[in-house]
Amino acid sequence: MIIENHKNLNMETKRENVVRPIDPANFLTEETGSEEKSPGCFSIDFTVAVVLPAGGSGERTGLSTPKQFCTFLNRPLISYTIQAFERIAWIENIVVVIAKDSIDLMVNIIQQFGHKKVKVVLGGSTRHRSIFNGLQAFGESEEESALKKPKVVIIHDAVRPFVEEDFLLKIAIAAKQQGASGAIRPLVSTVIATTSEGYLDHSLERAKYRASEMPQGFLYDVIHQAYVQCSETDFEFGTECLHLVLQYCGTNARLIEGPHTLWKVTYKKDLLAAESIIKETLAQTACVVAGQCEESSRLAGALQKTLGSQDMHVDIVPTSLRRSSAFISKTWNFVHVTVNTAGLADVEELVKTFEETAHSVLYSVVLILVHLDVSEQTSASERMAALGGIRSLAAEAKRKNILLYGILLNPVKDAGQWEEAVENLSQIISALIKERSPALAGQLLWV
Ligand SMILES: Nc1ccn([C@@H]2O[C@H](COP(=O)(O)OP(=O)(O)OP(=O)(O)O)[C@@H](O)[C@H]2O)c(=O)n1
Ligand SMILES: O=P(O)(O)OC[C@@H](O)[C@@H](O)[C@@H](O)CO
């Protein structure tokens, strides 16, 4: 679900963090978080920084909110892109270039989602002007500017959230060696030239052409020099940074074919596609927290098998380890199996652990309580009553971006009926994890 307004963002603006609107000729950047290095898989021996142009209005989406600030899964698109770069240890700084009207919102996003390497800079009336503004946030020395210029600068549209470290490394190394580098993709449609009357003039041989995508990498001095020299026409109508460095610096970019995930969010459908991709990625793993008793272990093992058959990787963790960060950090989906005792206290403790570890800040956590009561003494209504507290617990958890659901599993003795019940349970668990619906949080389902 795409949300255009920002009712779910904490809009209490801390003015001291706001980048003061200033004359674009004299850039000011504002430190908005501590410099923390995220663990990375690769390392390189030169400095790299990133400029994310995010100053556009997103007219082609037809939405009133610029697409980079449209939210899905309780988070704006730009936050996903920032995180894609922030988690990379060899990227030192991320300059986000935004329109003046978005300053307060951007500062709140940085604070709400804990973005650490980000500096905010004012954009311009076109993408090239915004990129140039971003580049000018760097200076020759720390004295001249809050940001020392990097050896290589990666330029990446803020509305392209799916970018991986290995490809960024290729782009950065090629830019260091060649002066410039850029991502390309095969054309999907054939390119044609039209006459002024709107007829076909000629078509291009598709195999000879490629789509220019992002990220692009440049030696900082090369791209900066190109922008210093480029014309007003370039600034007003240009869309290709690689062209600028060729025309004004004679630098021929190394072109690297990238994965199909580099696509740019342009239309509303792209926002829906981005939400689906993130949901699909989050739903690939789960953790079943189970007690030591035989029924609990048996149910946990059966769920691991049935969810596994739906391509979900499931770890089983004993209840005693439910608070260990080792297992919490591996997934955003948790199934807590309880037998005979309702286990709401355990669930409450898990919610507290997710909050203490800030695990639900970037992505919603799905927490499903599966309760099996094998004691012969309790009636169905008594079992329902035992989980009656889940609704209030779920309301509190939802405020922390934790989606709590309850499922009552009826005990059955017949092996065939048990297998069928576990299959049904597994389908429900899978659906709750895939959909991540806040509307169903607090509901008690019955299998
Ligand atoms: N004056 C501008 C215009 C665009 N961009 C950014 O450049 C990227 C790619 O541009 P595009 O997809 O065209 O974004 P918009 O210009 O916002 O879209 P539209 O043309 O539909 O208005 C986006 O992250 C956009 O925010 C920018 O920083 N400054
Ligand atoms: O043209 P738009 O402003 O919609 O998007 C920018 C794209 O052109 C640009 O990101 C790539 O083509 C690479 O230069």
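Here are the numbers for the structure shown:
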read-out: Taking the chain and dividing mean pair separation by its residue count, relative contact order in percent (alpha carbons under 8 Å, at least six apart); value: 12 percent
read-out: Mean separation of Cα contacts under 8 Å (6+ apart) over length of the stretch 283-446, as relative contact order %; value: 23 percent
read-out: For residue 445, residues with placed amide H under 5 Å, excluding near neighbours; value: 406, 407, 408
read-out: In the stretch 298-395, the GluC sites (Glu not before Pro) that fall in loop regions by DSSP, at most 10 other Cβ within 10 Å; value: 376
read-out: 222 nm mean residue ellipticity, helices alone, for the chain (DSSP H n ≥ 4; -39,500 (n - 2.57); rounded to 500); value: -10500 deg cm²/dmol
read-out: Reachable lysines, given that their alpha-carbon falls under 17 Å from the alpha-carbon of residue 352 and they are not under 8 places away in the same chain; value: 398, 400
read-out: Equivalent ellipsoid dimensions for the chain as semi-axes, Å, which come from the Cα gyration tensor, largest first; value: 48, 24, 20
read-out: Local electrostatic count, residue 190, Cβ distance below 12 Å [Lys/Arg +1, Asp/Glu -1]; value: +1
read-out: Dipole in debye (nearest 20) - the chain, about Cα centre, beta carbon charges: Lys, Arg +1; Asp, Glu -1; value: 200 debye
read-out: Overall form of the stretch 147-278 per C-alpha gyration tensor (a/c, 1.5; a/b vs b/c); value: oblate
read-out: Positive-pole candidate from 42, 94, 241, dipole of the chain, charges at beta carbon; value: 241
read-out: Rounded to the nearest 10 Å², the accessible area of residue 312 at probe 1.4 Å; value: 10 Å²
read-out: Area accessible to solvent at residue 418, 1.4 Å probe radius, in Å²; value: 30 Å²
read-out: Under 13 Å, Cβ to Cβ, from residue 219 - net charge with Lys/Arg +1 and Asp/Glu -1; value: +3
read-out: Heavy-atom accessible surface of the chain: percent carbon and sulfur, 1.4 Å; value: 52 percent
read-out: Sequence-separation-based contact order of the stretch 55-134, relative, with Cα cut under 8 Å and 6+ spacing, percent; value: 29 percent
read-out: Residue pairs, from the table 268/434; 119/176; 148/268; 176/330, whose Cα atoms sit over 31 Å apart; value: 148/268; 176/330
read-out: The stretch 283-446 - Debye-derived log10 I(q)/I(0), Cα point model, q = 0.09, 0.14, 0.20 Å⁻¹; value: -0.25, -0.64, -1.41
read-out: Heavy atoms of residue 391 accessible to a 1.4 Å probe, total area in Å² rounded to 10; value: 140 Å²
read-out: Residue-normalised accessible area of the chain, expressed per residue, 1.4 Å probe, Å²; value: 46 Å²
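The values are calculated or read from the model by the stated rules, or taken from the named source; none is laboratory data. In this text, all values refer to a predicted model and were calculated from it rather than measured experimentally. Ideal geometry is used to build each Cβ from the backbone, glycine not excepted, and the neighbour counts take in all protein chains shown. Note: areas computed on protein heavy atoms with side chains; ligands, DNA, RNA excluded. Shrake-Rupley method; radii C 1.70, N 1.55, O 1.52, S 1.80 Å.
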